[in-house]
Each structure stands twice: as structure tokens, then as C-alpha cells.
1. Mind checking the full-extension length gain between residue 76 and residue 7? Use 0.36 nm per residue of separation minus the Cα-Cα distance, one decimal, nm.
2. Skipping prolines and chain starts, which residues have an amide H placed within reach, meaning under 5 Å, of the one on residue 65, given they are 5 or more residues away or on another chain?
3. Given a Förster distance of 22 Å, report the FRET efficiency between residue 41 and residue 89 from their Cβ-Cβ distance, rounded to the nearest 0.05.
4. Along the positive direction of the dipole of the chain (beta-carbon charges: Lys, Arg +1; Asp, Glu -1; about the Cα centre), which of 14, 90, 75 reaches farthest?
5. Just to confirm, what accessible area per residue do you get for the chain at 1.4 Å probe, in whole Å²?
6. Given H placed 1.01 Å from N in the peptide plane, which residues other than close sequence neighbours of residue 10 have an amide H under 5 Å from its amide H?
7. Sequence gap at least 6, Cα distance under 8 Å: using those rules, report the relative contact order of the chain to the nearest whole percent.
8. Could you compute the net charge surrounding residue 30? Neighbours are other residues with a C-beta less than 12 Å from the C-beta of residue 30; K and R count +1, D and E count -1.
Amino acid sequence: MSVIKQILPATENWYRVLGTKDAPLFERVIFWAVVNDGDGDVVAGVSREDIGVIGAVGEWLVDVAGYIEITPSQVDWLMEHPEDLEDFNLVWGEA
């Protein structure tokens, strides 16, 4: 069971990257949570969609390729040119 240890605000240009290498999804990170996932502490970026799901902390850690700091206009560019995400060293799960 995952437990929240601390919550910190995020600056406005952080995004959580989900989806696949060819079809990435971006969710703006609203706050950072230090979470103990049973194996140790990890930092998870939490989007606006997940704020009300505090009881499902473990889901904050699932299927995240990584976090990137970009402007909103760069999000649009990367949606159209996902190959440029290679510069961010993301870790993609198996599709």
C-alpha cells in the first residue's frame, strides 16, 4: 500500500508523460507528492485529474514514462512530433 509522506506545489510548466512513444499523452503536474510505495520513497507528479483520487496513490506511479518541464506550446509540438521526446530520456513501458 502506498502512503503519501509530503505534498509540494509544482511550477506551471511540468508535465507527466503517459501513453506510448508514438502516441504520448501529457498531463500538467499540479503538485509533487513524496510517496512511500512499500519499497522506498519516490516522487510522483500529480495532475489535476488525479487530485480527488488521493486514496489511489499507487495509480499515480503507474504507466508514467517520465516528467518533463516544457511550455504549453511545446506540448502541442510534441504531440505532433513525438520523435522529439527522445531528447528527454523517458522510460516507456511495454505496450
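The values are calculated or read from the model by the stated rules, or taken from the named source; none is laboratory data. Remember, it's a predicted structure, so these values are computed and weren't measured experimentally. Every residue, glycine as well, gets a Cβ built from its backbone with ideal geometry; the counts of neighbours run over all protein chains shown. These accessible areas exclude ligands, DNA and RNA; they are computed on the full protein's heavy atoms, side chains included. Shrake-Rupley method; radii C 1.70, N 1.55, O 1.52, S 1.80 Å.
1. Details: separation 69, 0.36 × 69 = 24.84 nm, distance 2.83 nm.
Additional length available on full extension: 22.0 nm.
2. Long-range HN contacts for residue 65: 17, 18.
3. Details: r = 22 Å, r/R0 = 0.98.
Result of the calculation: an efficiency of 0.55.
4. Ranked along the dipole, the leading option is 14.
5. Using a 1.4 Å probe on heavy atoms only, each residue of the chain averages 64 Å².
6. When sequence neighbours closer than 5 places are left aside, the close amide H contacts are 31, 32.
7. Details: 163 pairs, mean separation 29.6, N = 95.
Relative contact order, the chain: 31 percent.
8. Local net charge: -1.
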